[in-house]
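The structure appears right after this line, and notes come after that.
The values are calculated or read from the model by the stated rules, or taken from the named source; none is laboratory data. The structure presented is a predicted model; accordingly, all values stated were derived computationally and were not measured. Note that each Cβ is placed from the backbone with ideal geometry, even for glycine, and that neighbours are counted across all protein chains shown.
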Amino acid sequence: DIQLTQFPSFLSASVGDRVTITCRASQGISSYLAWYQQKPGKAPELLIYAASTLQSGVPSRFSGSGSGAEYTLTINSLQPEDFATYYCQQLKIYPHVFGPGTRLEI
Amino acid sequence: QLLQSGGRLVQPGGSLRLSCAASGFTSSDYAMSWVRQAPGKGLAWVSSLLSGSGGDTYYADSVKGRFTISRDTSKNTLYLQVNSLRAEDTAVYYCAKSKYGSGMPYGLDVWGQGTTVTVSS
């Protein structure tokens, strides 16, 4: 099975900041990677798929990049509504595991 | 677009059937998945059912042999039969629709609201 690690696990930032979250797979996953945002008590929302493609309706301050086994989610100019937990998920092979999450707080 | 039901308090060793009714699209045209989240923990993929009448099924090792994913096309509804429940199965269970492009799985783009399963005596 492919394992995913995310870092940092916790991130403190301010409105207007630029932050980067990294997701590392135990083997190359050929950009079969998605990023999700989850707010407390809510279902996750798809932000980015295929490592770098923005899901429809997601603000352009979110971006994704990476290849092979390492991927990043960048949020430019943090807004108050961006403070949430972020998860990566690999979709190259089953099981389609999620990373452990990064909690982004003010 | 995905309306879930079926979660409740159940004793260890018990069974439940979770339901996920789709609207606005035909769920059998898409791969569908279940994801769970234990209290205070992260997301955990549970199971997936690929599209089509004979869609392949996949399970996390932790639920293999105890959980069964299925669909009723006439009701446009996805199910998760959960048997031999353990305390560690306590979680919010989400169903979700897969997004595909060029035959490539892109992620889960439509999610249900979640249904809570609590396993306790």
Practice item. Among the residues of segment B:35-55, count how many are at pLDDT 95 or above and outside any strand (DSSP E or B). Key: 5
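For A:Phe62, indicate whether it is exposed (fewer than 14 other Cβ atoms within 10 Å of the Cβ) and more than 23 Å from B:Tyr93 (Cα to Cα). If you could, list the steps in order and put the result at the bottom.
Values: exposed (fewer than 14 other Cβ atoms within 10 Å of the Cβ): no; more than 23 Å from B:Tyr93 (Cα to Cα): yes.
Taking the combined requirement at face value, the residue does not satisfy it.
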Exercise for review: Starting from residues that are among the small types (Gly, Ala, Ser) and loosely packed, with under 13 Cβ neighbours inside 10 Å, keep the ones in segment B:53-100 and report whichever is farthest from the other protein chains (Cβ to nearest Cβ).
Suggested key: B:Ser74
Exercise for review: Can you confirm whether segment A:58-69 contains a residue that is over 18 Å from A:Gln3 (Cβ atoms) and among the basic types (Lys, Arg)?
Suggested key: yes
Exercise for review: Give the residue that is nearest to A:Gln6 (Cα to Cα), with candidates limited to residues of segment B:35-52 that are small (Gly, Ala, Ser), out of contact with any His (no Cβ under 9 Å at 6 or more places or on another chain) and within 13 Å of chain A (Cβ to nearest Cβ).
Suggested key: B:Gly42
Review point. Can you name the condition, by its number, that B:Leu80 falls short on among (1) without any contact (Cβ under 8 Å) to a residue 24 or more places away in the chain; (2) in a strand (DSSP E or B)?
Key: (1)
Revision key, fill the gap. Restricted to segment A:16-30 and to residues being within 14 Å of chain B (Cβ to nearest Cβ) and under 13 Å from the mean Cα position of the chain (by Cα), the residue farthest from A:Leu78 (Cα to Cα) is A:Cys23
Practice item. Tell me, please, whether a residue that is surrounded by fewer than 22 Cβ atoms within 10 Å (Cβ to Cβ), within 11 Å of chain A (Cβ to nearest Cβ) and part of a strand (DSSP E or B) can be found in segment B:15-34. Key: no
Exercise for review: Report yes if some residue within segment A:60-67 is touching a residue at least 12 places away in the same chain (Cβ under 8 Å) and within 15 Å of A:Gln89 (Cβ to Cβ); otherwise report no.
Suggested key: yes
Point to revise | Search result, residues across segment A:49-68 that are in a strand (DSSP E or B), within 12 Å of chain B (Cβ to nearest Cβ) and over 11 Å from the mean Cα position of the chain (by Cα) | key: A:Thr53, A:Leu54
Exercise for review: Among the candidates A:Leu46, A:Leu4, A:Leu73, single out the residue that is more than 10 Å from chain B (Cβ to nearest Cβ) and under 20 Å from B:Val46 (Cα atoms).
Suggested key: A:Leu4
Review point. Looking at (1) away from every other protein chain (no Cβ under 14 Å); (2) of a type in the set (A, V, I, L, M, F, W, C); (3) without any contact (Cβ under 8 Å) to a residue 24 or more places away in the chain, which is the only condition A:Ala13 fails?
Key: (3)
